[in-house]
Structures are given as C-alpha cells and as structure tokens.
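No value in this document is a laboratory result; all are computed from the given coordinates. This structure is a prediction, so every number in the text was calculated from the model and none was measured. Please note: Cβ atoms are built from the backbone with ideal geometry, for glycine as well, and neighbour counts cover all protein chains shown.
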Amino acid sequence: MAHLEWQPAFEVGHSRIDSDHQALVGAMNQLYEAAHQGQDKEEIAKILNFLRDYTVTHFATEETLMIRHNYPAASDHFAAHAELILQVSDFIADYRTGNIVGVDVMLGFLETWLMNHIQGRDRDLGAYLQGRD
C-alpha cells in the first residue's frame, strides 16, 4: 500500500525534475511501508538518510538549472530548499535520539511540503524552463 500515489497532475513539465519528484515520492512510500511493517529503527533511519541525500541531490539539480537559465526567483527557491534540508536533518536527529512523535508526523510534514513546493515553486520553475533546457 502506497502512502502517496504519483499523479500526472504533480508534473511540472521538466523530465529530470519530474523524475526526481517521482523518486522522492517513492522513497516516502518506502518510509511509510517500513514504519507500518514494524521495521527496526536502524532500517527506518537508513531510508530517512536516503531521502535526505536524494533531496539534496535533487535540489542541486534544480539549483543548477536555475543558475544556468538565470531564473528570477532563484534566491527564494534556494532558501526554501535550505530550510527543508535543515528540517529533515532535524527530524533524522530527533528520530535517532527518540525525541520525535513518529514517522507519520515526518511523512505528513514531508508530503505537505513536497506537494505545496511542487505545485507552487517547482511548477513555476518548470514553466520558466520550457524551451530553455
């Protein structure tokens, strides 16, 4: 059972960005499954680390495109990325020390953030990149 199903409505119109977003949704679903199947704390921490690392890689891809094409809203977009990375890193640290309510809290936050970001900032970026890359 998937927590979040990828839908064409989530696409921003740039194949690399859309592919990365699909992978992020897949990792979130993997985290959901691991938590709901009773996987141990270390396995869940591995998935959280992968999710964070893949997010960093994805953000670097987007940021490179923004710089290459002089995207006018780049600085705000970069700031949103940096804020999420800090929050995810804090979630991981809290999870490892037992100071977090649960994986569902993290997933709820990540799902909301990702969907708002994709359907807002990333959709604007995708439209800007049309015909440029």
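Quick notes
- Applied to the range 8-16, the Karplus parametrisation 6.51 cos²θ - 1.76 cosθ + 1.60 on θ = phi - 60° returns per-residue 3J(HN,Hα) values of x, 5, 7, 5, 9, x, 10, 4, 5 Hz, with x for Gly and Pro.
- Computed helical MRE - 222 nm, the chain, DSSP H runs ≥ 4 contributing -39500 (n - 2.57), nearest 500: -24500 deg cm²/dmol
- Lys, Arg +1 and Asp, Glu -1 on Cβ, resulting dipole of the chain about Cα centre, debye, nearest 20: 220
- Virtual spin-label span in nm between Asn49 and Glu5, 7 Å along Cα→Cβ: 3.4
- Inter-part distance where the range 88-133 and the range 25-55 are each reduced to a Cα centre, Å: 14
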